[in-house]
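Let me begin by presenting the structure, written as structure tokens, before commenting on it.
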Amino acid sequence: MNEHRLYGLTYSMWTEQARWALDHHIIRYKYIEHIPMITTPLLRLATRRFTGPISVPILVTGERAFTDSWSIVAYADRTGHRQKLIPFEKMEEVKAWHTLCDRAQQANRVIATDSTMHSEEAKLASLPDFFPEFTKNMFSPLADLAAAYLGMKYNFRHAIIAEEKKKVREVLLKIRKALDKKSFLLGDFSYADITAAATLEFVSPVSDKFLKLKPAIREAFTQKDLATEFSDLIEWRDKLYADKRGESQAL
Ligand SMILES: N[C@@H](CCC(=O)N[C@@H](CS)C(=O)NCC(=O)O)C(=O)O
């Protein structure tokens, strides 16, 4: 079988949900970390898409490139032999959760980028590791540039944080209501649970055991108000990880 390559951003909610699906189905892949602005040409080469927007996660198999998390999860389900994450009879429902959580994830990205930009330590921690530690202070403006780039690319330069928080909160309320103290959103474990759990990464990041974050980034990604209000969901997410996440190939 051809080697699979997954391009991603370790800390990204979209990358995490794609990785979880591949790991669930025990599909082996080589993981390649994307660095916004810098490695975009690599993504274009790998996908042969030379124009238009491009983002990670991207899964490249021998013949094809899957360029968003939903299509990667669907591919994992078609290829793997373990319990389906998008069961055929629940496809519409699972897709609706993907779309809903995507809205909260986009809002979370705005909030996390803003709080990173307000913390000198988080800005330095967000710089790629190939910059030696002692040079990072010098390159701190690059973090501002990266934030401006993401703001332009994903159209959130003029976003209002309180509005974005409201969007996240609405989605979390829906997750709480649908869970209603159950273990899974749709009766059995499915991708709906994965995308909801990934959304919570930018409310209160999961243990380093599953997704390694530098302390300053962990702090910047934590929304203390929502983490407190939705501590029941964080508890649910932690249990889901403990029971279902298994070993990640990308750590
Ligand atoms: N709809 C896409 C969303 C992916 C996305 O927004 N990726 C962002 C994560 S922050 C990204 O690639 N950012 C880095 C860049 O644009 O270079 C999916 O489901 O995979």
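For LYS30, which aspartates and glutamates qualify as cross-link partners when the Cα separation must be under 14 Å and same-chain residues fewer than eight apart are set aside?
LYS30 reaches GLU3.
Size of the dipole of the chain about the Cα centre, Lys and Arg at +1 and Asp and Glu at -1 on the beta carbon, nothing else charged, in debye to 20?
480 debye
Can you say what percent of the DSSP beta bridges in the stretch 1-145, counting only those with both residues inside, are antiparallel? Round to 5. Walk me through the numbers before you get to the answer.
Details: 5 of 9 bridges.
Antiparallel bridges make up about 55 percent of those DSSP assigns within the stretch 1-145.
Please compute the modelled spin-label separation between ARG64 and HIS118, points set 7 Å along Cα→Cβ, answer in nm with one decimal.
Result for the modelled spin labels: 4.3 nm.
Taking every pair of alpha-carbon atoms in the stretch 5-79, what share in percent sits in each 5 Å bin, from 0 to the bin with the longest distance?
Binned Cα distances yield the sequence 3, 17, 32, 27, 14, 6, 1.
Report, largest value first, the span of the C-alpha coordinates of the stretch 13-150 along each principal axis, in whole Å.
Dimensions of the stretch 13-150 along the principal axes of its Cα atoms: 53, 31, 29 Å.
Which loop-located GluC sites (Glu not before Pro) does the stretch 1-86 contain, where loop means any DSSP state but H, G, I, E or B and the Cβ has at most 13 other Cβ atoms within 10 Å?
Numbers: sites: GLU3, GLU16, GLU33, GLU63; in loops: GLU3, GLU63.
Here the sparse-neighbourhood loop sites are GLU3, GLU63.
Could you list MET138, MET37, MET117, MET13 so that the one with the fewest beta carbons within 10 Å of its beta carbon is first and the one with the most is last?
Fewest-to-most Cβ neighbours within 10 Å comes out as MET138, MET37, MET117, MET13.
Give a quick list of chymotrypsin sites (Phe, Trp or Tyr not before Pro) in the stretch 126-215 that DSSP marks as loop, anything other than H, G, I, E or B, with at most 11 other Cβ atoms within 10 Å.
Sites meeting the loop and neighbour criteria: PHE130.
In debye, nearest 20, what is the charge dipole magnitude of the stretch 5-79 about its Cα centre with +1 on Lys and Arg Cβ and -1 on Asp and Glu Cβ, if you could check?
Value, rounded to 20: 280 debye.
Take LEU59, LEU172, LEU124 and order them by how many other Cβ atoms sit within 10 Å, fewest up front.
LEU124, LEU172, LEU59
Taking only the alpha-carbon positions of the stretch 142-203 and ignoring solvent, what does the Debye formula give for the base-10 log of I(q)/I(0) at q = 0.14, 0.15, 0.26 Å⁻¹?
Relative scattering, expressed as log10 I(q)/I(0), comes to -0.57, -0.63, -1.08.
In units of 2.2 N^0.38 Å, what is the alpha-carbon radius of gyration of the stretch 142-251?
Values: Rg = 15.3 Å, N = 110, 2.2 N^0.38 = 13.1 Å.
Normalised Cα radius of gyration, the stretch 142-251: 1.17.
What list of ³J(HN,Hα) couplings, whole Hz, do you get for the stretch 205-216 from phi and the Karplus terms 6.51, -1.76, 1.60, once you set θ to phi - 60° and write x for glycine and proline?
Going residue by residue, I get x, 5, 3, 4, 4, 9, 8, 6, 10, 5, x, 5 Hz, with x marking Gly and Pro.
Over 21 Å between C-alpha atoms is what I'm after, so list which of LYS136/LYS214; LYS90/LYS182; LYS165/LYS209; LYS84/LYS165 land there.
Beyond 21 Å between Cα atoms: LYS165/LYS209; LYS84/LYS165.
Counting other beta carbons within 10 Å of each Cβ, put THR135, THR40, THR79, THR113 in order, fewest first.
Ranked by crowding around the Cβ, least crowded first: THR135, THR79, THR40, THR113.
Given the options VAL56, SER115, LEU45, identify the residue whose Cα lies farthest towards the positive end of the charge dipole of the chain (+1 on Cβ of Lys, Arg; -1 on Cβ of Asp, Glu).
Projecting each Cα onto the dipole axis, the largest value belongs to LEU45.
Find the percent of Cα-Cα distances in the stretch 36-75 that exceed 11 Å, and round it to a whole number.
I get 62 percent for the Cα pairs in the stretch 36-75 exceeding 11 Å.
Excluding residues on the same chain fewer than 8 positions from LYS123, give the aspartates and glutamates whose Cα lies under 16 Å from its Cα.
ASP114, GLU133, ASP144, GLU219
Report, in deg cm²/dmol and to the nearest 500, the calculated mean residue ellipticity at 222 nm for the chain, where each DSSP H run with n ≥ 4 adds -39500 (n - 2.57) and the sum is divided by the residue count.
The per-residue figure over the chain is -16500 deg cm²/dmol.
Within the P(r) computed for the chain, what percentage of the Cα pairs occupies the region above 34 Å?
Above the 34 Å cut-off, the chain has 14 percent of its Cα pairs.
Between the DSSP loop rule and a limit of at most 13 other Cβ atoms within 10 Å, which trypsin sites (Lys or Arg not before Pro) in the stretch 3-39 are left?
Filter output for the stretch 3-39: ARG28.
Bear in mind that the values in this text are calculations on the coordinates, not laboratory data. Remember, predicted model here, so these are calculated numbers, not experimental data. Ideal geometry is used to build each Cβ from the backbone, glycine not excepted, and the neighbour counts take in all protein chains shown.
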